[in-house]
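The values are calculated or read from the model by the stated rules, or taken from the named source; none is laboratory data. Worth saying up front: this structure is predicted, and the values here are computed from it rather than measured. Heads up, the Cβs are rebuilt from the backbone with ideal geometry, glycines too, and the neighbour counts pull from every protein chain shown.
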Amino acid sequence: MVTGDFGDTATYDTVAAAISGRSNPVFYLEIPPFLFGRVVDGLAGAGLTTNARVVVEKPFGHDLSSAKALNN
């Protein structure tokens, strides 16, 4: 288990160390929708989204346009 602050880049570095050597990770986000973008950006910034899948628990965004933005 990895704990940390969603806004702290060190958290994503800790995640990277925890899954080092693994291919095709799946990140399951059971967090409030307003954090989806921040967390996915953090994962991407740490280089964790290559060959990865991100699964988000509903609700996905707060309207159609925000859902489309999160999907890109």
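The figures follow:
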{"quantity": "Selection within the range 1-22 - in a loop (DSSP other than H, G, I, E, B) and either of a type outside the set (Ser, Thr, Tyr) or closer than 11 Å to LEU43 by Cβ (or both)", "calculated": "MET1, VAL2, GLY4, ASP5, PHE6, GLY7, ASP8, ILE19, GLY21, ARG22"}
{"quantity": "Residue match in the range 41-50 (condition: without any contact (Cβ under 8 Å) to a residue 60 or more places away in the chain, surrounded by 10 or more Cβ atoms within 10 Å (Cβ to Cβ) and touching an Asp or Glu at 6+ places or on another chain (Cβ under 8 Å))", "calculated": "yes"}
{"quantity": "Tally of residues being modelled with pLDDT of 90 or more and closer than 24 Å to THR9 by Cβ across the range 37-72", "calculated": "19"}
{"quantity": "Among (1) out of contact with any strand residue (DSSP E or B) (no Cβ under 8 Å at 6 or more places or on another chain); (2) surrounded by 11 or more Cβ atoms within 10 Å (Cβ to Cβ); (3) of a type in the set (D, E, K, R), the one test that LYS58 misses", "calculated": "(2)"}
{"quantity": "Criterion (under 11 Å from the mean Cα position of the chain (by Cα), of a type outside the set (D, E, K, R) and surrounded by 14 or more Cβ atoms within 10 Å (Cβ to Cβ)) met by exactly one of TYR12, TYR28", "calculated": "TYR12"}
{"quantity": "Residue satisfying all of: in the range 41-70; out of contact with any Phe, Trp or Tyr (no Cβ under 8 Å at 6 or more places or on another chain) and outside any loop (DSSP other than H, G, I, E, B); nearest to ILE19 (Cα to Cα) among these", "calculated": "ALA44"}
